[in-house]
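Structure first, then comments.
The values are calculated or read from the model by the stated rules, or taken from the named source; none is laboratory data. These numbers come from a predicted model, not from an experiment. A quick note on method: Cβ atoms are made from the backbone with ideal geometry, for glycine too, and the neighbour counts reach across all protein chains shown.
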Amino acid sequence: MGHRYSPVLLDNLNFERPNSYDPRIGYGHSNTAVIQFANELERRYGNAEAKARGNAIHASSINPDAIKSRLQAHVKQEFEPLWDLPAWQKVTKAPAQGATTTVLAAVEAAFKDTGGFYLEDAQVSAPAKADPLLEDPGYVSFAFDPVSEAKLWEASAELVGGSADLPFYPSFPIKHSGAVYSTR
């Protein structure tokens, strides 16, 4: 549901324009980017040609819903009252409940050889109704936009110094926890 706050802002991916960052827009922008990147990955590498070669890659995106956890300790005080609203109560889950959709997407046999789905509440979701309320299920239309998905893919490849053809590994070493991993 977080993706509903914003489409992917292709002309300002990293909010580099002065005074352009807004936490809610940034959250929506990043959630939509996850959905669109998964859709484009599925389109490019989950297709019949890749399946025939035996090297298909599948991707879907998930919405675990609002999970009440210690993360909220970092949310500004003005957002805290939201947790008590009836609409939030309908979508708020304990961490184990929120993990259900992620686990389902990872292990369900029905998703083994296919992708491109948006899952929420432990099931494949459908488009949201017009002007959805917070507690309404579904994704908004801009989340599934093949033109924007292809542009995001190209921009992502450019950002990591690679090609739009998979694998587009970054051409620089990646440092993580003191270890350095080379991608070339």
Checklist entry - Quick check: anything in region 108-127 loosely packed, with under 11 Cβ neighbours inside 10 Å and not in a loop (DSSP other than H, G, I, E, B)? => result yes
Next on the checklist: Can you go through ARG70, ARG43 and tell me which one is free of Cβ contacts under 8 Å to residues at least 40 places away in the same chain and over 12 Å from the mean Cα position of the chain (by Cα)?
Outcome noted: ARG70
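How many residues does region 5-33 contain that are surrounded by fewer than 19 Cβ atoms within 10 Å (Cβ to Cβ) and under 17 Å from the mean Cα position of the chain (by Cα)? Please lay out each step first, then the result.
First, the residues of region 5-33 that are surrounded by fewer than 19 Cβ atoms within 10 Å (Cβ to Cβ): 5, 9-27, 30.
Next, from what is left, pick out any that are under 17 Å from the mean Cα position of the chain (by Cα): 5, 9-10, 13-14, 23-27, 30.
The total comes to 11.
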Checklist entry - Can you tell which of ILE35, ILE57 is in a helix (DSSP H, G or I) and hydrophobic (A, V, I, L, M, F, W, C)? => result ILE35
Item to check | Residue list for region 1-32, filter: part of a loop (DSSP other than H, G, I, E, B) and of a type in the set (A, V, I, L, M, F, W, C) | outcome: MET1, VAL8, LEU9, LEU13, PHE15
Next on the checklist: Would you confirm whether or not region 74-83 contains a residue that is farther than 15 Å from GLY2 by Cβ, exposed (fewer than 13 other Cβ atoms within 10 Å of the Cβ) and aliphatic (A, V, I, L, M)?
Outcome noted: no
Next on the checklist: Can you tell me which residue is farthest from VAL91 (Cα to Cα) among those in region 34-54 that are buried (at least 17 other Cβ atoms within 10 Å of the Cβ) and of a type in the set (A, V, I, L, M)?
Outcome noted: LEU41
Checklist outcome for this item: Just one listed residue, out of PHE117, PHE144, is of a type in the set (Phe, Trp, Tyr), closer than 30 Å to SER163 by Cβ and in contact (Cβ under 8 Å) with a residue 60 or more places away in the chain, and it is PHE144
Item to check | Close pairs (7 angstrom Cβ cut-off, 6 or more residues apart or separate chains): in contact (Cβ under 8 Å) with a residue 60 or more places away in the chain and part of a helix (DSSP H, G or I) in region 84-103, surrounded by fewer than 16 Cβ atoms within 10 Å (Cβ to Cβ) and among the aliphatic types (A, V, I, L, M) anywhere | outcome: VAL91/LEU134
Item to check | Top-ranked residue in region 96-133 [being more than 18 Å from the chain's Cα centre (by Cα) and farther than 19 Å from ILE57 by Cβ; ranked as modelled with the lowest pLDDT] | outcome: LEU133
